[in-house]
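Novice: The structure is given below, and queries will be raised subsequently.
The values are calculated or read from the model by the stated rules, or taken from the named source; none is laboratory data. In this text, all values refer to a predicted model and were calculated from it rather than measured experimentally. Neighbour counts run over all protein chains shown; Cβ positions are idealised from the backbone, glycine included. Accessible surface areas use protein heavy atoms only, side chains included; no ligands, DNA or RNA. Shrake-Rupley method; radii C 1.70, N 1.55, O 1.52, S 1.80 Å.
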Amino acid sequence: MTQTRNTVVITGASRGIGAALVKAYTAQGAKVIAVSRSLPATPLPNVVAFAADLGTDEGIAALTRATKAHGQPIDILINNAGVQNEIDLTGPADTVQIDAEIALNLVGPIKLTLALLPFLRAPGGSVVNVTSLVSLHPKPSAPVYSATKAGLASFTRALRHQLASKAITVIDVIPPLVATEMTAGRGSGKLSPEDMAEAIVTGIARGEVQIAPGKSKLVLRLNRLFPGLIARILSNE
Ligand SMILES: NC(=O)c1ccc[n+]([C@@H]2O[C@H](COP(=O)([O-])OP(=O)(O)OC[C@H]3O[C@@H](n4cnc5c(N)ncnc54)[C@H](OP(=O)(O)O)[C@@H]3O)[C@@H](O)[C@H]2O)c1
């Protein structure tokens with residue numbers, strides 16, 4: 001395994017894909033600023049664990065201050081934190097929950113990226129946004145989640161164009177179903193968080209702008225040929 005001195009900011013680091021990313025990067029010798037609302041019970045070497053609600057301006061400002069205080073350029077920012085709510089649009093709307101979902105999944109990554117941009121290594125840094133296959137076609141039972149991921153995918157493409165002049169790579173990660181708390185009780189043949197993290201780490205190191213391991217790769221290919229079929233399949237996920 002290649003050793004690195006990279007500094008990596010990972011959001012949504014307390015469990016699932018984010019926690020696996022923290023392990024993968026520290027195993028490479030990277031310094032990690034790991035962010036979520038809850039902190040790990042025991043400190044991990046080379047990890048600065050930082051508690052913040054990234055669905056709030058205060059949380060983003062606090063993380064920005066902590067990143068600045070770290071005093072080293074950030075090599076990689078991974079916007080991974082996310083939440084998925086099933087919402088019945090025909091029933092009474094829980095607007096507080098909807099606001100929180102949009103704030104964490106879409107507004108948060110946009111604001112955090114802009115706030116940390118001055119500290120990103122240029123040339124050579126990477127911004128990595130974890131989107132979803134539902135950015136292609138919405139999952140009807142999770143309409144707000146689908147809208148936030150489509151928005152984040154669009155922001156990712158626009159940012160890629162703008163940051164090309166600074167030689168910062170902007171990457172869209174499109175996971176297939178991964179066995180985490182978010183997908184508990186649904187789906188089969190899921191990728192492990194460790195395999196997902198490995199695909200992300202490898203893809204970033206290779207400078208790929210789209211990382212779509214496992215079934216995601218096939219879905220993206222088929223979507224170019226049969227978008228109607230893929231829309232039907234994704235609507236049942
Ligand atoms: N699992 C899949 O199949 C799949 C597929 C496609 C895309 N994705 C995307 O991959 C990313 C990671 O998903 P996952 O499956 O690993 O989810 P997960 O296991 O539910 O973990 C979500 C992470 O986000 C953190 N988080 C939640 N609310 C937060 C907040 N307000 N502020 C800061 N951190 C917060 C959680 O920590 P705390 O609760 O401690 O804050 C946790 O660390 C998400 O963006 C998700 O949409 C997942």
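Novice: Please give the net charge around Leu63, taking every other residue with its beta carbon less than 13 angstrom from that of Leu63, where Lys and Arg add +1 and Asp and Glu add -1.
Specialist: With Lys, Arg at +1 and Asp, Glu at -1, the neighbours total +1.
Novice: Tell me the angle of helix 193-205 to the major Cα principal axis of the chain, expressed in degrees between 0 and 90 and rounded to the nearest ten.
Specialist: Relative to the chain, helix 193-205 is tipped by roughly 60 degrees.
Novice: Which angle from 0 to 90°, rounded to the nearest 10, does the C-alpha axis of helix 215-225 make with the longest principal axis of the chain?
Specialist: Tilt of helix 215-225: around 50 degrees.
Novice: Here's a follow-up. Say R0 is 30 Å: what FRET efficiency, to the nearest 0.05, do Glu86 and Arg5 get from their beta-carbon distance?
Specialist: 0.10
Novice: Taking 0.36 nm per residue of sequence separation and subtracting the Cα-Cα distance, how much length would be gained by fully extending the chain between Ala51 and Lys215, in nm to one decimal?
Specialist: Taking Ala51 through Lys215 to full extension adds about 55.7 nm, to one decimal.
Novice: Report the dimensions of region 81-124 along its three principal axes from the alpha-carbon atoms, largest first, rounded to Å.
Specialist: Principal extents (Cα only, largest first): 49, 14, 12 Å.
Novice: Roll a 1.4 Å probe over the protein chains and send me the accessible area per residue for the chain in Å².
Specialist: The answer is 50 Å² per residue.
Novice: Please give the length that would be gained between Gln162 and Arg15 if that part of the chain were fully extended, namely 0.36 nm times their separation in residues minus their C-alpha to C-alpha distance (nm, one decimal).
Specialist: 49.7 nm
Novice: Sequence gap at least 6, Cα distance under 8 Å: using those rules, report the relative contact order of region 7-235 to the nearest whole percent.
Specialist: Worked out over region 7-235, it gives 19 percent.
Novice: Same structure again: List the lysines whose alpha-carbon lies under 24 Å from that of Lys215, not counting same-chain residues fewer than 8 positions away?
Specialist: Candidates past the 8-residue exclusion: Lys23, Lys139, Lys149, Lys190.
Novice: Could I ask something else about it? With springs only between Cα atoms under 10 Å apart, run a GNM on the chain and tell me which of Asp195, Asp94, Asp172 wobbles the most.
Specialist: Judging by the Gaussian network model, the answer is Asp94.
Novice: Using only the Cα atoms of region 154-237, build the gyration tensor, take square roots of its eigenvalues as a ≥ b ≥ c, and label the shape rounded, prolate or oblate: rounded if a/c is under 1.5, else prolate if a/b is larger than b/c, else oblate.
Specialist: In terms of gyration-tensor shape, oblate.
Novice: At a 10 angstrom cut-off on C-beta neighbours, averaged per residue, how do the peptides 216-227, 10-21 rank from highest to lowest?
Specialist: Packing order, densest peptide first, comes out as 10-21, 216-227.
Novice: Still on this structure, please answer the following. Please give the charge dipole size of the chain, origin at the Cα centre, charges +1 on K and R Cβ atoms and -1 on D and E Cβ atoms. Round to the nearest 20 debye.
Specialist: I would put it at about 760 debye.
Novice: Residues of region 81-96 with amide nitrogen under 11 Å from the 7 Å Cα-to-Cβ point of Ser154?
Specialist: It comes to no residues whatsoever.
Novice: If you don't mind, there's one more thing I want to ask. Over region 85-212, what percent of the accessible surface lies on carbon and sulfur atoms, probe 1.4 Å?
Specialist: For region 85-212, the apolar C and S fraction of the accessible surface comes to 58 percent.
Novice: Looking at the chain, what % of the alpha carbon pairs are farther apart than 22 Å?
Specialist: Here the long-distance tail beyond 22 Å is 51 percent of all Cα pairs in the chain.
Novice: Could you work out which residue, out of Gly59, Gly187, Gly29, moves most in a Gaussian network model of the chain, that is, has the largest mean-square fluctuation with Cα springs under 10 Å?
Specialist: Gly187
Novice: Further, regarding this structure: Considering only the other residues whose Cβ falls under 11 Å of the Cβ of Leu177, what net charge follows from Lys and Arg at +1 and Asp and Glu at -1?
Specialist: Here the charged neighbours net out to +2.
Novice: Something else: For region 87-224, list log₁₀ I(q)/I(0) at each q in 0.17 Å⁻¹, using the Debye formula over Cα point scatterers of equal strength and ignoring solvent, two decimals each.
Specialist: Treating every Cα as an identical point scatterer, log10 I(q)/I(0) equals -1.03.
Novice: Same structure again: If you line up the long axis of helix 16-27 against the longest principal axis of the chain, both from Cα atoms, how many degrees apart are they, to the nearest 10?
Specialist: 30 degrees
Novice: Summing +1 for each Lys or Arg and -1 for each Asp or Glu, what net charge is found among the other residues whose Cβ lies under 15 Å from the Cβ of Ala122? Mind dumping the intermediate values first?
Specialist: Numbers: positive: Arg121, Arg160, Lys166; negative: Asp75.
Once positives and negatives cancel, what remains is +2.
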